[in-house]
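Quick note: the coordinates plus some simple rules give every number you see, no bench work behind them. Treat the numbers as computed from the prediction; the structure is a model and nothing was measured. Ideal geometry is used to build each Cβ from the backbone, glycine not excepted, and the neighbour counts take in all protein chains shown.
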Amino acid sequence: MNEIKPDANVKSEPLPRLGEIGLSNFAPYLMNRIMGRYNADLRQEMNGLGLTTPKMRALAVLSVIDALPITELAVYAVVEQSTLSRALDQLTADGLVRRDPDPKDSRVTRIAITDTGRAAYEQLWPTMSRIYSQMFHGISPDERQLFVATLQKILGNIRKHDF
């Protein structure tokens with residue numbers, strides 16, 4: 001696990017109170033609003049496919065990094081493991097994912113996306129892509145690249161896993 005350590009070269013000023021900063025200048029609030037809106041915009045399309053946000057996140061992650069242990073999938077999908085387990089039960093029953101034993105460790109179960117699961121995710125991707133493009137409307141490619149690099153740096157500062 002990564003320990004959160006402040007950069008020794010960066011001086012930290014005390015953070016003003018939230019009332020002084022204002023919600024519109026508080027990054028965690030803005031990130032939550034953005035993701036809330038993103039998920040709400042996807043909901044109608046997800047409902048049509050029988051998906052929930054945890055199911056969609058699992059399929060999205062597995063479409064990029066397949067055959068993950070449940071614990072890692074929960075981290076990548078940003079879903080509590082208990083919530084993810086229920087979602088995976090339903091995805092398995094629907095034939096969208098399968099559970100495979102880890103060949104090196106019999107205590108570990110790996111989750112793999114099926115062809116049916118990949119097809120369901122591919123149906124959702126155009127909506128995800130459209131919403132993503134809408135989020136960055138009027139933002140130059142350089143600004144987007146800098147924003148994503150900053151988010152990666154923030155994640156590196158706070159994450160508790162090596163992935």
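Key figures for this structure:
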{"item": "Residue-averaged 222 nm ellipticity for the chain, from DSSP H runs of 4+ at -39500 (n - 2.57), nearest 500", "result": "-19500 deg cm²/dmol"}
{"item": "Helical segments meeting 27 Å axial Cα length and Kyte-Doolittle -1.0 threshold in the chain (DSSP H)", "result": "27-48, 115-135"}
{"item": "Contour excess over end-to-end distance, with Cα ends at Gln90 and Asp162 and 0.36 nm allotted per residue", "result": "23.1 nm"}
{"item": "Most mobile listed residue (Met35, Met56, Met128) in the chain, GNM with C-alpha springs under 10 Å", "result": "Met35"}
{"item": "Inter-label distance for Gln145 and Ile131, nm, one decimal - labels placed 7 Å from Cα along Cα-to-Cβ", "result": "2.7"}
{"item": "Sites matching trypsin sites (Lys or Arg not before Pro) across the range 126-162 that sit in DSSP coil, with at most 14 neighbouring C-beta atoms within 10 Å", "result": "Arg159, Lys160"}
{"item": "Kirkwood-Stokes translational diffusion coefficient of the chain, alpha-carbon pairs, 37 °C, 0.692 mPa s, µm²/s", "result": "181"}
{"item": "Stretchable slack from Ser12 to Phe26, in nm (0.36 nm times residue separation minus alpha-carbon distance)", "result": "3.4 nm"}
